[in-house]
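Peer 1: Shown below is the structure under consideration.
Throughout, read-outs are computed from the coordinates displayed, never taken from laboratory work. Everything numeric here is computed off the predicted structure, so don't read it as measured data. Cβ coordinates were reconstructed from backbone atoms using ideal geometry, including for glycine residues, and neighbour counts include every protein chain displayed.
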2 protein chains.
Amino acid sequence: MYSLSEENYLKAIYHLEQQATAEVSTNAIAERMQTKASSVTDMIKKLADKDLLTYKKYKGVSLTDSGTRTALRIIRKHRLWEVFLVEKLQFKWHQVHDLAEQLEHIQSQELVNRLDDFLGNPQYDPHGDPIPDSEGNIKRRDKKLLGQLEANQSATCIGVKSASDDFLKYLSKNNIGIGSKLNVQEAEPFTGALTVKVGETTLFLTKEIANNIYVTLIKS
Amino acid sequence: MYSLSEENYLKAIYHLEQQATAEVSTNAIAERMQTKASSVTDMIKKLADKDLLTYKKYKGVSLTDSGTRTALRIIRKHRLWEVFLVEKLQFKWHQVHDLAEQLEHIQSQELVNRLDDFLGNPQYDPHGDPIPDSEGNIKRRDKKLLGQLEANQSATCIGVKSASDDFLKYLSKNNIGIGSKLNVQEAEPFTGALTVKVGETTLFLTKEIANNIYVTLIKS
DNA sequence: ATATATTTTTAGACTTGTCTAAATTATAGC
DNA sequence: GCTATAATTTAGACAAGTCTAAAAATATAT
Ligand SMILES: [Mn+2]
Ligand SMILES: [Mn+2]
Ligand SMILES: [Mn+2]
Ligand SMILES: [Mn+2]
């Protein structure tokens, strides 16, 4: 259907559109794709020709419905394969991204739907990100950043903002994962650092770390 | 490591080498790859530069040790993914080849070894072909063609020579699969056709069909 | 409002893998 | 051994995707 490169661009643009308010800029895409702005210009022209996005010179791009649907199909595959790798092949959550980056390009609707069933129709991937259904519907939960919590509040970890290797390894080392219960003991107002109790142990988390962990509050 | 195209060529050349006695010819590769001879010439020069095969102009090619090892790694992946698709995702044996053709190019030694374990270290793929181990060792069984049997001999189906969609579907329809017990009732000497009992039913198989089914004799 | 800096696009080139058409080498028939 | 045919290689082209360097458009600052 679409080339590997086209699919990677669509996915990148989709993710950028989720964060940004306005049109997605050439440079933003270039940075995310680790490529040059001139390459991006070339590619977005092709994608515009295929009606996957709208493009006005110098004004950035935004995905069409068709482009969004296509991006979501790739993201669905990416996240389902990640679940497979963690649940069935016992990979750790920091090892699966690059593999899913390859597996997401396997072409077969039938395969992805059977995989979905085989995995028990999971709702979230190993990093807490929601898995679009076969129609492209995606659930959005309201979530807070751990860094926004105050002293004595409790929350459950439901995701991570950055899924970089080192960050995920750091969390694992400190026994923080999806579903972990986190009790904020103290919130240092000046630095934004937190003292957090995870199970029996008490951790000191910098503001940067705390602002990369998504949680939902536990009412008490 | 190697491009998708390079991997497909290596695999094709490996399979051709298994059948042929001498060097593999440019045209033989072209036919198998559904491509033009001139494209083959271009590619085999590249593969020769990378020491994956030896090539003398107009004299055909043969894989080096490195080339053979690489081909076997791809074939291992192909067959393991086929087992996954059939055993875990309930695909039929005639549906898995094209998917495995894509999946075999996923780059990760770790993934293929974990997949192997997850599947219980299978020895044969859904078409009866042996799966190379992680060192590239491949078992060769001695097998006969069903067409070589005589009346009153019994045999177990252990593989197929051609794995074309239609052929596999034909076999399934007639309840022949890997492990099926086949009793030759009658062998028509002129046409080479066989009358074969499979379970309770008696089938009439043409010479062409019978010569595409691998079996091992059951001593009686 | 104009000059400067930044962003984006264009022009031209390169690599990979493919093709067609033409030239070359090998093979087979006699 | 010579000739016709078949197999193979070469030459030149093309599409996809990327790059560098230069030009054009936009944004920013005074
Ligand atoms: Mn990808
Ligand atoms: Mn993920
Ligand atoms: Mn393949
Ligand atoms: Mn097979």
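Peer 1: With the label 7 angstrom out along Cα to Cβ, how close does A:Lys50 come to the same site in each of the other copies, in nm, nearest first?
Peer 2: In ascending order, 2.5 nm.
Peer 1: Let me ask something else about it. Give the shape of the range A:144-217 as rounded, prolate or oblate, defined through the alpha-carbon gyration tensor: a ≥ b ≥ c are the square roots of its eigenvalues, a/c under 1.5 means rounded, and otherwise the shape is prolate if a/b is larger than b/c and oblate if not. Write out the running numbers ahead of the final one.
Peer 2: Values: a/c = 1.42, a/b = 1.27, b/c = 1.12.
Taking the square roots of the gyration eigenvalues as a ≥ b ≥ c, the range A:144-217 is rounded.
Peer 1: Still on this model: Using alpha carbon centroids, what distance separates the range A:188-220 and the range B:111-130, in Å?
Peer 2: About 44 Å separates the Cα centre of the range A:188-220 from the one of the range B:111-130.
Peer 1: For the range B:103-154, which GluC sites (Glu not before Pro) are both in a DSSP coil and crowded by at most 11 other Cβ atoms within 10 Å? Numbers along the way, then the final one.
Peer 2: Values: sites: B:Glu104, B:Glu110, B:Glu135, B:Glu150; in loops: B:Glu104, B:Glu135, B:Glu150.
Here the GluC sites (Glu not before Pro) that fit, given the DSSP loop and packing criteria, are B:Glu135, B:Glu150.
Peer 1: If you line up the long axis of helix B:65-87 against the longest principal axis of chain B, both from Cα atoms, how many degrees apart are they, to the nearest 10?
Peer 2: 50 degrees
Peer 1: Test of the criteria: in the range A:37-91, which chymotrypsin sites (Phe, Trp or Tyr not before Pro) are in a DSSP loop and have at most 16 other Cβ atoms within 10 angstrom of their Cβ? Don't jump to the answer; show the numbers that get you there.
Peer 2: Values: sites: A:Tyr55, A:Tyr58, A:Trp81, A:Phe84, A:Phe91; in loops: A:Tyr58, A:Phe91.
Loop-located and lightly packed - A:Tyr58.
Peer 1: Separate question: Over the range B:36-76, consider all pairs of different Cα atoms and compute the Kirkwood hydrodynamic radius from their mean reciprocal separation; express it in Å, one decimal. Could the numbers behind the result be given before it?
Peer 2: Values: mean 1/r = 0.0949 Å⁻¹.
So the Kirkwood estimate lands at 10.5 Å.
Peer 1: Say the dipole of the protein assembly as shown comes from +1 at the beta carbon of Lys and Arg and -1 at that of Asp and Glu; which of B:Thr26, A:Pro189, B:Ala12 then lies farthest toward its positive end?
Peer 2: B:Thr26
Peer 1: Once you sort the root eigenvalues of the Cα gyration tensor of the range A:4-63 as a ≥ b ≥ c, which label holds: rounded (a/c under 1.5), prolate (a/b larger than b/c) or oblate (the other case)? Before the final figure, lay out the partial values.
Peer 2: On the way: a/c = 1.18, a/b = 1.05, b/c = 1.12.
Judged from the Cα gyration tensor, the range A:4-63 comes out rounded (a/c under 1.5).
Peer 1: One decimal, nm, shortest first: give the distances between the label point of B:Ile218 and those of the same position in the other copies, each label point 7 Å from Cα along Cα→Cβ.
Peer 2: Here the equivalent label points are 6.1 nm apart from this one.
Peer 1: Treating only the Cα positions of the range A:74-140 as identical point scatterers, give the base-10 log of I(q)/I(0) from the Debye formula at each q in 0.18 Å⁻¹.
Peer 2: Log10 of I(q)/I(0), two decimals: -0.57.
Peer 1: Here is a further query. Using a simple charge model, +1 on the beta-carbon of Lys and Arg, -1 on the beta-carbon of Asp and Glu, nothing else, what dipole does the range B:74-140 show about its Cα centre, in debye to the nearest 20?
Peer 2: On the way: 8 positive and 12 negative charges, 25 e Å.
My answer is approximately 120 debye.
Peer 1: Under 15 Å from the Cβ of A:Ala193, count the other residues' Cβ atoms, weight Lys and Arg +1, Asp and Glu -1, and hand me the total.
Peer 2: Values: positive: A:Lys197, A:Lys207; negative: A:Glu150, A:Glu186, A:Glu188, A:Glu208.
Overall, the nearby charge balance is -2.
Peer 1: Which pairs in the list A:Lys36/B:Lys46; A:Lys36/A:Lys56; B:Lys181/B:Lys219; B:Lys46/B:Lys161; B:Lys161/B:Lys207 are over 22 Å apart, alpha-carbon to alpha-carbon?
Peer 2: Values: A:Lys36/B:Lys46 28 Å; A:Lys36/A:Lys56 19 Å; B:Lys181/B:Lys219 12 Å; B:Lys46/B:Lys161 31 Å; B:Lys161/B:Lys207 13 Å.
Among A:Lys36/B:Lys46; A:Lys36/A:Lys56; B:Lys181/B:Lys219; B:Lys46/B:Lys161; B:Lys161/B:Lys207, the Cα-Cα distance tops 22 Å for A:Lys36/B:Lys46; B:Lys46/B:Lys161.
Peer 1: Let's see if you can work this out: charge +1 on each Lys and Arg Cβ, -1 on each Asp and Glu Cβ, no other charges. What is the dipole magnitude of the protein assembly as shown about its Cα centre, in debye to the nearest 20?
Peer 2: Working: 58 positive and 58 negative charges, 35 e Å.
It works out to roughly 180 debye.
Peer 1: For the range B:99-191, what relative contact order do you get, as a whole percent, if you take Cα pairs closer than 8 Å and at least 6 residues apart? It would help to have the intermediate numbers written out before the result.
Peer 2: On the way: 66 pairs, mean separation 24.3, N = 93.
Reported as a whole number, the value is 26 percent.
Peer 1: When only DSSP loop residues count, what GluC sites (Glu not before Pro) in the range B:16-65 have their Cβ near at most 12 other Cβ atoms within 10 Å?
Peer 2: Details: sites: B:Glu17, B:Glu23, B:Glu31; in loops: B:Glu23.
Of the GluC sites (Glu not before Pro), not one in the loops of the range B:16-65 has a Cβ with at most 12 other Cβ atoms within 10 Å.
Peer 1: Show that you can apply the helix-only estimate: for the protein assembly as shown, add -39,500 (n - 2.57) for every DSSP H stretch of four or more residues, divide by all residues, and state [θ] at 222 nm to the nearest 500. Mind dumping the intermediate values first?
Peer 2: Numbers: 16 runs with 180 residues, N = 440.
Value at 222 nm, helices only, nearest 500: -12500 deg cm²/dmol.
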